[in-house]
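Novice: Have a look at the structure that comes next, please.
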Amino acid sequence: MEQITKKRVIGVDISLEETTLAVVDVRGNILDKRSLSTEDYPEINNFAATLSDKIMELVEANGGYEAIRSVGISAPSGNFMTGCIENSGNMPWKGVIPLAVMLRDRIGLAVALTNNAHVIALGESAFGCAHGMRDFIILSMGTGLGSCVFADGRVNLGHEGFAGEVGHTMLYHNGRQCGCGNKGCLEAYVAAKGIVLTAKEVMAESSKPSLMRSAEKLSPKIISHFCNEGDELAIEVFRRTGYYLGLGLANYASVFDPEAFIFTGGIPKAGKWLLDPALETFNSHVFHNIENKVQFLVSELDDRERDVLGASVLAWDVKEYSLFK
């Protein structure tokens, strides 16, 4: 019997608000794309059933089982080694969710699952500003602070699959409460909720006027906009956030010696207001032999496109499996 070489995979990116899935060929071309609202499925079995249906629609519309090899999935708190979403602090599904197996049993194809930062690292390495780098660190800054270490040309997952959780390294003893349950984590200072809390602290410490005081709802995006308007207190918010970030990353880099940190997500779009103080603090605290040698880069790829492409890279790596051979 002639062996058929399958030349397409499906990449899936699960975020808090939306899930995007796409058929990707061997050259990284997106051939077809669909989406669904993650928020509409607070119950995991309903989400898995709907996602399976969407995947099957893509399979049938793009050559069937003879063309589609496997599925790669990016999910918050995903563990590549187990194929599970494990104790996500932000997703509505609690506990350990064996999503890869749930989907494989429904669709009859191999499924690999990992966390967002791992997939971003794969996407940036294959298609983005990390192309050609062998040692770099991804930072995904938004609702949380995700991270992935790419060392010696491959992702470093660690023993249990949780390597690279810089967001949950301690910045201050007995500091701010973090969503993981610990106190003083870096994420509690540089992710979205932490930045808003810093803004409230800055306003409480000063009687200076600020556009932040009249904002209906504060967010990192709005605060960075106020920075562009010359708001002194807003600029101070990101100066402090940059300090916290630079301090945390100096410890990280002193251990891993990366060529670059690559920033993704919404928060790094604050640009110089965040990254200038972060880089200054970083170089003041990092091991002196790598001072001024680590680049701070902001991803130039569209987040959604990069993440489904990164998930497709993951799909090519999983051992092929099919109920329909």
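Novice: Look through the range 33-70, keep the residues that are under 25 Å from K6 (Cβ atoms), touching a strand residue (DSSP E or B) at 6+ places or on another chain (Cβ under 8 Å) and among the hydrophobic types (A, V, I, L, M, F, W, C), and return whichever of them is most open to solvent (accessible area, probe 1.4 Å).
Specialist: Filtering first and then ranking leaves A61.
Novice: A further question follows. Scanning for something open to solvent by less than 40 Å² (accessible area, probe 1.4 Å) and assigned to a helix (DSSP H, G or I), does the range 71-79 turn up at least one residue?
Specialist: So far as the range 71-79 goes, no, none of its residues is open to solvent by less than 40 Å² (accessible area, probe 1.4 Å) and assigned to a helix (DSSP H, G or I).
Novice: Taking the range 246-269, which residues are free of Cβ contacts under 8 Å to residues at least 60 places away in the same chain and closer than 22 Å to G123 by Cβ?
Specialist: Across the range 246-269, the qualifying residue is only K269.
Novice: Being part of a strand (DSSP E or B) and small (G, A, S) is the filter here; which residues of the range 106-128 pass it?
Specialist: If the condition is that a residue be part of a strand (DSSP E or B) and small (G, A, S), then A110, A112 are the ones that fit.
Novice: Report yes if E165 is under 15 Å from the mean Cα position of the chain (by Cα) and either open to solvent by 30 Å² or more (accessible area, probe 1.4 Å) or modelled with pLDDT under 90 (or both), otherwise no.
Specialist: Taking the combined requirement at face value, the residue satisfies it.
Novice: Any residue that is in contact (Cβ under 8 Å) with a residue 60 or more places away in the chain and open to solvent by less than 90 Å² (accessible area, probe 1.4 Å) - is there at least one of those in the range 275-295?
Specialist: No, there is no match, as no residue in the range 275-295 is in contact (Cβ under 8 Å) with a residue 60 or more places away in the chain and open to solvent by less than 90 Å² (accessible area, probe 1.4 Å).
Novice: Something else: Of everything in the range 170-183 that's free of Cβ contacts under 8 Å to residues at least 24 places away in the same chain and within 21 Å of the chain's Cα centre (by Cα), which residue is nearest to Y244 (Cα to Cα)?
Specialist: M170
Novice: Considering the range 88-105 alone, what residues qualify as being open to solvent by 10 Å² or more (accessible area, probe 1.4 Å), touching a residue at least 12 places away in the same chain (Cβ under 8 Å) and not in a helix (DSSP H, G or I)?
Specialist: G89, N90, P92, V96, I97, P98
Novice: Can you report the number of residues in the range 91-144 which are more than 21 Å from D25 (Cα to Cα) and among the hydroxyl-bearing types (S, T, Y)?
Specialist: 2
Novice: Return the residue satisfying two criteria in turn: it lies in the range 1-25 and is among the aliphatic types (A, V, I, L, M), in contact (Cβ under 8 Å) with a residue 60 or more places away in the chain and in a loop (DSSP other than H, G, I, E, B), and of such residues it is least open to solvent (accessible area, probe 1.4 Å).
Specialist: The residue in question is L16.
Novice: Given the options V155, V149, name the one that is part of a strand (DSSP E or B) and at pLDDT 90 or above.
Specialist: Only one candidate passes the filter, namely V149.
Novice: Follow-up. Quick one: in the range 129-146, which of the residues that are assigned to a loop (DSSP other than H, G, I, E, B) and touching a helix residue (DSSP H, G or I) at 6+ places or on another chain (Cβ under 8 Å) is least open to solvent (accessible area, probe 1.4 Å)?
Specialist: Here the residue is A130.
The values are calculated or read from the model by the stated rules, or taken from the named source; none is laboratory data. Predicted model, so just to flag it, every value in this text is computed and none were measured. Here the Cβ is made from the backbone with ideal geometry for all residues, glycine too, and neighbour counts use every protein chain on show. The protein model used for the area step is the full one, side chains on, heavy atoms only, and it has no ligands, DNA or RNA in it. Shrake-Rupley method; radii C 1.70, N 1.55, O 1.52, S 1.80 Å.
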